[in-house]
Amino acid sequence: MTALIGGREITRADVEDFLYDEAEILDAWKYDDWLALFEPGARFEVPATDWKGESFFESGSFVTDDWDLLRARVKRLKSRKAHAENPPSRTHRMISNVRLREADEPGLLRVTASFIVHRARDGEFDAYVGRYDHLLVPGDEGLRFRRRRAVLGHEHLTAGARLSFIL
Amino acid sequence: MPGPDGTGLPGRLVVEDWDALTFRVNRVAYRSEEVFQAERDRIWARTWLYLGHETEVATPNDFKTRTLGGRPLIFCRDADGDIQAWLNSCPHRGTILCREREGSTKLFQCFYHAWTFRNSGDVAAIPGKDAYEAAGEGFLDSMRLRAVPRLESHEGFVFVSFDPDVPPLLEYLGDAADYMTMISQQHEAGMEVLPGTQMYGVRGNWKLGVENAMDGYHFSPTHNTFVGYLRETGFAVTDDDQYAYNLGNGHSLLVLTGHGGRISMLWEPRFGEDEKVRTEAHRAEMDRRLGPERARYVADESHILFVWPNLLLFDLEGLSIRQLEPVAADRTDVRAWQLAPRGEDADTRALRMKTMVSFVGPGGLATPDDIEAYEAVQRGIEATAADTRPGMDYSDMSRGMVDEVKGVQGRSIDEGAMRGFWRHWVDALGVEDGLAVSGDRPERFLEGRNVR
Ligand code: FES
Ligand SMILES: [Fe+2]
């Protein structure tokens with residue numbers, strides 16, 4: 001599977017590598033490296049589990065970070081005073097079903113993929129399952145997020161399910 | 001250890017000592033399944049409970065299904081436009097009647113034997129009805145949908161009671177009612193619940209969630225990173241001159257004036273220059289509509305209102321409705337909705353959603369630390385379970401009692417609102433010797449507040 005974006009050829013393997021790299025970075029709590037995967041002005045979104053629409057301004061959600069909030073989130077996660085992540089959750093991410101799709105806007109690549117994030121903390125082990133629906137920008141240094149969206153497959157977040165870590 | 005009233009619950013659940021100026025809560029209250037069951041029977045089955053907001057079922061035939069006090073319900077607006085709350089259980093043999101979470105329908109059909117009911121509760125069809133006809137006239141009537149015994153609403157907030165013998169809702173809400181009216185007065189066009197519900201579970205007792213919301217003391221240490229973020233955006237958070245009130249009937253209130261702006265009512269730098277202009281215009285309109293005195297209460301103060309036992313209204317930068325549904329002694333389901341002005345312009349709405357979700361919500365920059373707190377309490381109190389040394393298995397909520405005996409209004413960073421909550425709790429549970437008081441209680445408790 002290949003997409004041609006702004007004269008660049010992007011293969012599914014390119015996208016998979018990008019997503020696998022990101023998973024490794026997040027599982028290792030390297031938040032600065034993670035933020036570097038976003039282009040300035042990018043967004044990070046986790047919709048509410050009962051929301052089917054597109055615009056997060058019309059609905060409640062779990063995360064609707066603009067660039068300011070995204071940077072504040074990273075700064076917080078790096079702090080020892082982010083109590084919900086101190087000590088940090090141990091996460092283990094698996095990504096599959098990666099698909100390249102056409103984005104509405106030229107120059108953008110829409111990528112969907114399935115994810116499972118297992119999270120261990122406080123003697124509990126919780127699974128988060130869902131679908132990524134990202135908008136990526138191909139650039140000289142590789143792919144970057146313009147919009148990183150994680151759509152949970154759950155009907156609701158089960159006990160212990162606060163999203164203090166990155167989904 | 002069976003209690004003196006034979007309930008199986010221990011005495012001395014709440015111990016207040018006015019000589020030592022201490023107030024202590026027995027930690028069995030957070031972890032005991034017997035206490036949980038007693039709460040189900042004596043609180044959740046006997047008092048008004050917040051069900052939902054009228055605007056969640058805005059048009060005739062809209063419905064939501066929702067579990068309240070462990071009972072599955074259908075919350076709907078019937079074909080005539082009336083709000084209804086039905087037990088979500090087929091009168092025939094008890095099957096869950098509606099297995100959808102939300103939607104629009106005039107008829108609910110049970111899949112099991114295909115009995116069909118109108119959303120007004122009447123039986124619409126029973127397959128092979130003739131077989132029942134011999135039973136006589138009353139059969140269909142006896143098979144109507146089972147209503148929740150009481151349903152009333154105030155300013156769009158719909159409450160139900162499983163006990164028919166509760167006082168009228170307004171009487172029950174008492175001083176809490178006006179704070180709900182204030183919310184409805186924020187915008188001329190009224191408020192509506194937005195779609196997109198934060199539904200999440202917490203590994204902690206429901207009362208820890210109430211305590212946390214009534215606890216200004218934790219704000220600075222627990223939300224250190226969030227306070228840092230606010231400071232960077234040019235807003236200095238303060239705990240000065242902010243107060244906590246017991247409103248009676250278990251309801252309580254924090255009045256916060258130094259914790260953040262209020263979208264379209266009280267501007268702060270992180271809201272941006274455009275919002276400043278919009279705020280000035282809206283604020284002037286509020287002065288005209290409500291008069292400056294009332295407008296000041298409605299617009300310039302943030303409120304966290306707890307309506308006993310399952311509703312929290314976070315009237316802060318924006319407005320978030322939070323409903324608590326205990327599922328076990330150590331487990332609570334939480335549902336949170338955003339309440340926003342009808343017809344709000346897109347920029348303000350975007351700012352509102354960003355601001356509220358970043359603070360009050362399980363994926364925000366602050367609420368995860370609150371959840372961490374009540375989950376950590378739930379785990380931590382195991383350390384003293386069944387400890388026989390006197391006073392060991394108790395949590396302390398004495399902060400502010402020194403002022404209370406002097407008749408000074410309790411601050412938001414004291415624990416007076418919590419004390420009011422626990423006194424009401426122990427009373428509602430009806431355990432003999434549940435409350436142990438020693439020393440002289442101050443003659444006058446500082447309760448209520450005149451904002452009219
Ligand atoms: S149980 Fe519903 S129709 Fe029989
Ligand atoms: Fe908090």
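Just checking the output field for A:48-57: average partner chain Cβ neighbours within 10 Å of each residue's Cβ?
6
Expressed as a whole number of Å, what is the distance separating the alpha-carbon centroids of the stretch B:287-364 and the stretch A:95-167?
28
Could you tell me the calculated FRET efficiency between B:Asp239 and B:Val402, based on Cβ-Cβ distance and R0 = 25 angstrom, to the nearest 0.05?
Efficiency computed from Cβ-Cβ geometry: 0.90.
Tell me what chain B gives for mean residue ellipticity at 222 nm when only DSSP H runs of n ≥ 4 count, each as -39,500 (n - 2.57), the sum divided by the residue total, rounded to 500 deg cm²/dmol.
Only helices count here, giving -7500 deg cm²/dmol.
In debye to the nearest 20, how big a dipole does chain B give about its Cα centre with +1 on each Lys and Arg Cβ and -1 on each Asp and Glu Cβ?
820
Cα convex hull of the stretch B:25-86: mean projected area in nm², to one decimal?
Averaged projected hull area, Cα only: 5.1 nm².
Please report, in debye to the nearest 20, how large the charge dipole of the stretch B:49-156 is about its Cα centre when each Lys and Arg carries +1 at its beta carbon and each Asp and Glu carries -1 there. Mind showing how you got there, number by number?
Details: 13 positive and 15 negative charges, 98 e Å.
Here the size comes out at about 480 debye.
Computing the accessible area with a 1.4 Å probe over protein heavy atoms, can you report the carbon and sulfur percentage for the stretch B:253-371?
53
Straight-line reach from B:Lys129: which lysines have Cα under 27 Å away, leaving out those fewer than 8 places along the same chain?
B:Lys106
How many angstrom separate the Cα center of the stretch B:84-114 from the Cα center of the stretch B:200-269?
Between the Cα centre of the stretch B:84-114 and that of the stretch B:200-269, the gap is 40 Å.
Would you kindly state how much longer the chain becomes between B:Ala45 and B:Asp165 on full extension, computed as 0.36 nm times their sequence separation minus their alpha carbon distance, in nm to one decimal?
Working it through step by step, the gained length comes to 42.1 nm.
Find how many whole Å separate the alpha carbon centroid of the stretch A:48-87 from the alpha carbon centroid of the stretch B:368-403.
With the stretch B:368-403 and the stretch A:48-87 each reduced to a Cα centre, they are spaced 30 Å.
Non-local amide H neighbours of A:Arg162 (under 5 Å, H modeled in plane, Pro and chain starts lacking H): which ones?
none
For the stretch A:85-115, list residues with backbone N below 14 Å from a point placed 7 Å from the Cα of A:Glu54 toward its Cβ?
A:102-106, A:110
Does anything in the stretch B:31-65 have its amide N under 18 Å from the 7 Å Cα→Cβ label point of B:Ile96, and if so which residues?
Only B:63-65 pass the distance filter.
Count, for each residue of B:366-378, the Cβ atoms from other chains sitting within 10 Å of its Cβ, then give me the mean as a whole number.
4
Assuming R0 = 51 Å, can you tell me the calculated FRET efficiency for the pair A:Trp67 and B:Ala383, based on Cβ-Cβ distance, to the nearest 0.05?
0.70
Semi-axes, largest first, in whole Å: what does sqrt of 5 times each Cα gyration tensor eigenvalue give for the protein assembly as shown?
39, 33, 26
Determine the gain in length on full extension of the stretch B:Ala134-B:Thr116; use 0.36 nm per residue of separation and subtract their C-alpha separation, reporting nm with one decimal. Spell out each step's value before the answer.
Numbers: separation 18, 0.36 × 18 = 6.48 nm, distance 2.01 nm.
Using 0.36 nm per residue and subtracting the Cα-Cα distance, I get 4.5 nm.
Is there a quick way to get the dipole size of the stretch A:2-152? I mean about its Cα centre, with the Cβ of Lys and Arg at +1 and of Asp and Glu at -1; what is the value in debye to the nearest 20?
420
Could you work out the mean count of beta carbons from other protein chains within 10 Å of each residue's beta carbon in B:331-344?
Values: counts 3, 1, 4, 2, 1, 2, 3, 4, 1, 3, 0, 0, 0, 1.
Taking all residues of B:331-344 together, the mean is 2.
Take peptides B:299-312, A:65-78, A:103-116 and line them up by average Cβ neighbours within 10 Å, highest first, as a rough protection proxy.
On the way: B:299-312: 22.3, A:65-78: 19.1, A:103-116: 15.7.
Output ranking for B:299-312, A:65-78, A:103-116: B:299-312, A:65-78, A:103-116.
Using a 1.4 Å probe over the heavy atoms of the protein chains, calculate the carbon and sulfur portion of the accessible area of the stretch A:2-152 as a whole percent.
Summing carbon and sulfur atoms, their accessible area is 47 percent of the total for the stretch A:2-152.
Given the pairs A:Lys78/B:Lys207; A:Lys81/B:Lys354; A:Lys75/B:Lys276; A:Lys75/B:Lys354, which span a C-alpha to C-alpha distance of over 25 angstrom in this model? All intermediate terms of the calculation are to be shown ahead of the outcome.
Values: A:Lys78/B:Lys207 31 Å; A:Lys81/B:Lys354 22 Å; A:Lys75/B:Lys276 27 Å; A:Lys75/B:Lys354 17 Å.
The pairs that break the limit, which is 25 Å between Cα atoms, are A:Lys78/B:Lys207; A:Lys75/B:Lys276.
Expressed as an acute angle from 0 to 90° and rounded to the nearest 10, what is the orientation of the C-alpha long axis of helix A:67-78 relative to the principal long axis of chain A?
50
Just going by the charge dipole of the stretch B:49-156, with Lys and Arg at +1 and Asp and Glu at -1 on Cβ, which of B:Thr105, B:Thr67, B:Thr116 is farthest out on the positive end?
Ranked along the dipole, the leading option is B:Thr67.
What number comes out for accessible area per residue over the stretch A:85-163 if the probe is 1.4 Å? Units Å², please.
Solvent-accessible surface per residue comes out at 47 Å².
Computed FRET efficiency, Cβ-Cβ of B:Ala284 and A:Lys30, R0 51 Å: what is it to the nearest 0.05?
Approximately 0.55, to the nearest 0.05.
Using only helices, what value at 222 nm comes out for chain A when you add -39,500 (n - 2.57) per DSSP H run of length 4 or more and divide by the total residues, to the nearest 500 deg cm²/dmol?
-6000 deg cm²/dmol, from helical runs alone.
What is the percent carbon and sulfur in the accessible area of the stretch B:182-240, measuring with a 1.4 Å probe over the protein chains and ignoring ligands?
That fraction is 48 percent.
The values are calculated or read from the model by the stated rules, or taken from the named source; none is laboratory data. Nothing here was measured: the structure is a model prediction, and the numbers come from that model. With ideal geometry, Cβ positions are generated from the backbone for all residues, glycine too; neighbour counts draw on all protein chains shown. The accessibility values were calculated without ligands, DNA or RNA, using every heavy atom of the protein model including side chains. Shrake-Rupley method; radii C 1.70, N 1.55, O 1.52, S 1.80 Å.
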